[in-house]
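The values are calculated or read from the model by the stated rules, or taken from the named source; none is laboratory data. Everything numeric here is computed off the predicted structure, so don't read it as measured data. Counting neighbours? That spans all protein chains shown, and the Cβs are built from the backbone with ideal geometry, glycine included. Calculation scope for accessible area: heavy atoms of the full protein, side chains included, ligands and nucleic acids excluded. Shrake-Rupley method; radii C 1.70, N 1.55, O 1.52, S 1.80 Å.
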Amino acid sequence: MPKGHAYGRDLLHRWEGNPAITVDDLPFRANTVFNGTPIETPDGVYLLLRIEGQHGYSLFALARSRDGLHFEVDPKPVMVPARKGPFAVHETAGIEDPRVTVLEGTCYVVYTAVGPCGPRIALAKTEDYVHYERVAVISEPGNKDGILFPRKIGGRYARLDRPIGLGRGSIWVSYSPDLIHWGDAEVVLPPRGGYWDDYRVGASATPIETEQGWLEIYHGVKMTDSGPIYRTGVALLDLEDPSKVIRRGDSPILAPREDYERIGDVPNVCFACGAVIHTEDDVRIYYGAADTSICIATCTMEQLLTEALE
Ligand code: BMA
């Protein structure tokens, strides 16, 4: 067994081809590419990528892959901050961290709209992954990491998000009759004092429905004297009341270790934005590394539902 290969500190196994996408793979000039969300299409896996331009604000581009590992990026960005119309005032400082959910046959993107009062969650939809129709801004400022559940719960649409309170951030669930008006918010996962996720937590991937509950891959932040460390962990939520946490893993499943996770615009970041169940034995998690590249790590469904939750 190669040292650190299977029994190293991470449950996830990094793809040998990491980083999968860097700024050198873009057919246009940019500062960085990171935090891409996977979309499963009949033609393969696409990634909606967050690109930070050299101007400093972020926008989205599309990468396409037949095998879910090797990607080619479209020649031009597919969604840029609105500069006119009703959304422009909410996106003055860019659009960030998209998360895709297919819900009732429609491909929705929840993203962070960064405006003069801070980050807000916004909703868009697409039919062809290239053109995006904005639907609504769906939170007050001070909120990020919005992700729709892939089906209604108790007759209403449901989402996870991450409002900031007292400088710290917890994962919350809220509900909506129409995807636009949201309420009945309840806390799901708060930071855990003394743990790897003791400062902030946020939803990372669209919740995966399993017989045991909603499997949520999330990110947790520990604040250190040298700055934050972003790691990835797992929790299992009740299928009919996601505010009830069935189990929460004690340890992260992925933590910054490789140079491409340690060194970059923001060091020590493994920031997942989605997962694809390629097979039960090959669950692929797509994550941004050091706010500088897109990487892929894998494990089995069984590992996620057992070892990850120990
Ligand atoms: C979070 C988000 C992510 C980013 C991470 C690390 O707050 O803004 O987009 O990857 O910080 O910088």
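A few comments on the model shown:
- Computed over the chain: relative contact order in percent, which uses C-alpha pairs under 8 Å that are six or more apart: 16
- Extension gain from R262 to E209, taking 0.36 nm per residue of separation minus the Cα-Cα distance: 15.9 nm
- Taking the helices alone, the chain has a mean residue ellipticity at 222 nm of -500 deg cm²/dmol, built from -39,500 (n - 2.57) per DSSP H run of at least 4 residues and averaged over all its residues.
- The simple spin-label model puts a point 7 Å past each Cα toward its Cβ; for K152 and H131 those points are separated by 2.9 nm.
- Here segment 80-121 is treated as a Stokes sphere of Kirkwood radius computed over C-alpha pairs; at 4 °C and 1.567 mPa s its diffusion coefficient rounds to 119 µm²/s.
- Two-decimal ratio, segment 183-310, of alpha-carbon radius of gyration to 2.2 N^0.38 Å: 1.03
- Estimated FRET transfer efficiency when R0 is 30 angstrom, pair D225-C117 (beta carbons, to 0.05): 0.50
- The relative contact order of segment 34-159 comes to 17 percent, based on Cα pairs under 8 Å that sit 6 or more residues apart.
- Ranked by how many other beta carbons lie within 10 Å on average, peptides 169-179, 83-93 from highest: 169-179, 83-93
- Extending 7 Å from the Cα toward the beta-carbon at both E302 and F28 defines two label points whose distance is 4.5 nm.
- A 1.4 Å probe over all protein chains sorts R156, R9, R248, R284 by accessible area into R9, R156, R248, R284, starting with the largest.
- With one equal scatterer per alpha carbon and no solvent term, the Debye-computed log10 I(q)/I(0) for the chain at 0.09 1/Å reads -0.39.
- Exposure ranking of D145, D25, D184 by accessible area [1.4 Å probe, largest first]: D184, D25, D145
- Selection of GluC sites (Glu not before Pro), segment 184-252, meeting DSSP coil and at most 15 other Cβ within 10 Å: E211, E240
- Residues whose placed amide H lies under 5 Å from that of R14, excluding near-sequence neighbours: T298
- Given R0 = 25 Å, the distance between the Cβ atoms of E40 and E140 translates into a calculated FRET efficiency of 0.20.
- Spatial separation of Cα centroids for segment 258-295 and segment 141-162, in angstrom: 22
- Globularity index of segment 41-83, i.e. its alpha-carbon radius of gyration over 2.2 N^0.38 Å: 1.27
- On the principal axes of its alpha-carbon atoms, segment 13-156 has extents of 41, 40, 28 Å, going from largest to smallest.
- The modelled label-to-label distance between V89 and E186, using points 7 Å beyond Cα along the C-beta direction, is 3.5 nm.
- Total formal charge among the other residues, if their Cβ is under 13 angstrom from that of L239, Lys/Arg +1 and Asp/Glu -1: -3
- Only the Cβ atoms of Lys and Arg (+1) and of Asp and Glu (-1) were treated as charged; on that basis the dipole of the chain about its Cα centre amounts to roughly 800 debye.
- Within segment 127-280, percent of DSSP bridges classed antiparallel, to nearest 5: 95
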